[in-house]
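Inspection log for the structure reproduced underneath, given as structure tokens.
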Amino acid sequence: MGNGTSVFGDLVRGGLAGAAGTWVMDQVTTAMASAQSADITAQEERAQPNGQSSIANLVDRVASATGTELSDEQKSRVSQVVHYGLGVVPGAIFGVLRRRLPLVGAAGGLFYGFLVWALNDEYLNTQLGLSAAPDAYPPETHWRGLVGHLVLGATTNSGIDALGG
């Protein structure tokens, strides 16, 4: 575009920044979860299909569909790769689109973070059966997810800028 960035460069910067954004999001949401009451945590755990996170459910579904057996350690590693992949791939797309479609880059990445939260956490996970319906979770779960994804969006946007995007 006008600043001389290439699509490939924006893709790489977005992916790297998305990985960093995922790490920062995890720090924030982990701190928030550790500060909540045991009752809220128990309510969240009761709501989770198969007693596990949406990512663990996705890993199980893909492993089952492909006939792959994973040990607990392998499942944990694959879950981390999938989790970071869900930051890297959208981050790469965001890196390409944020200057080309101004609405995507609005509010310093906060709009992007909001979209990822709304589409992934609040809609797709439920539609795919990876998480329970939104009303099965306490409000704290939704707020933590929203805050985490706003942090993801802002960090990804700032990371792209820091990488010269």
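Read the figures in this text as sums done on the coordinates, not as results from a lab. Predicted, not measured: the structure shown is a model, and the values here were computed from it. Using ideal geometry, Cβ is built from the backbone for each residue, glycine included, and neighbour counts are taken over all protein chains shown.
For the chain, set up a Gaussian network in which alpha carbons nearer than 10 Å are linked by springs, and say which option among THR68, THR22, THR155 fluctuates the most.
Judging by the Gaussian network model, the answer is THR68.
What's the angle, to the nearest 10 degrees (0 to 90), between helix 72-97's Cα axis and the longest principal axis of the chain?
Roughly 30 degrees, rounded to the nearest 10.
Relative to the longest principal Cα axis of the chain, at what angle does helix 54-66 sit, 0 to 90 degrees, rounded to 10?
Approximately 80 degrees, to the nearest 10.
Quick check: the angle from helix 7-35's long axis to the longest principal axis of the chain, C-alpha only, nearest 10 degrees?
Computed tilt is about 40 degrees.
Can you pull the one-decimal nm distance between simple spin-label points at GLN127 and GLU69, each 7 Å off the Cα toward Cβ?
Output for this residue pair reads 3.5 nm.
Can you tell which of GLY129, GLY109, GLY95 shows the greatest fluctuation in a Gaussian network model of the chain with Cα springs below 10 Å?
GLY129
With springs only between Cα atoms under 10 Å apart, run a GNM on the chain and tell me which of ALA47, ALA38, ALA17 wobbles the most.
ALA38
Multiply the residue gap between TRP23 and ARG99 by 0.36 nm, knock off their C-alpha separation, and tell me the result in nm, one decimal place. Don't jump to the answer; show the numbers that get you there.
Details: separation 76, 0.36 × 76 = 27.36 nm, distance 2.39 nm.
25.0 nm is the gain from fully extending TRP23 to ARG99.
Which entry is the computed Kirkwood radius over Cα pairs in Å for this structure: (i) 16.2; (ii) 16.6; (iii) 18.6?
Label (ii) holds the value from this structure.
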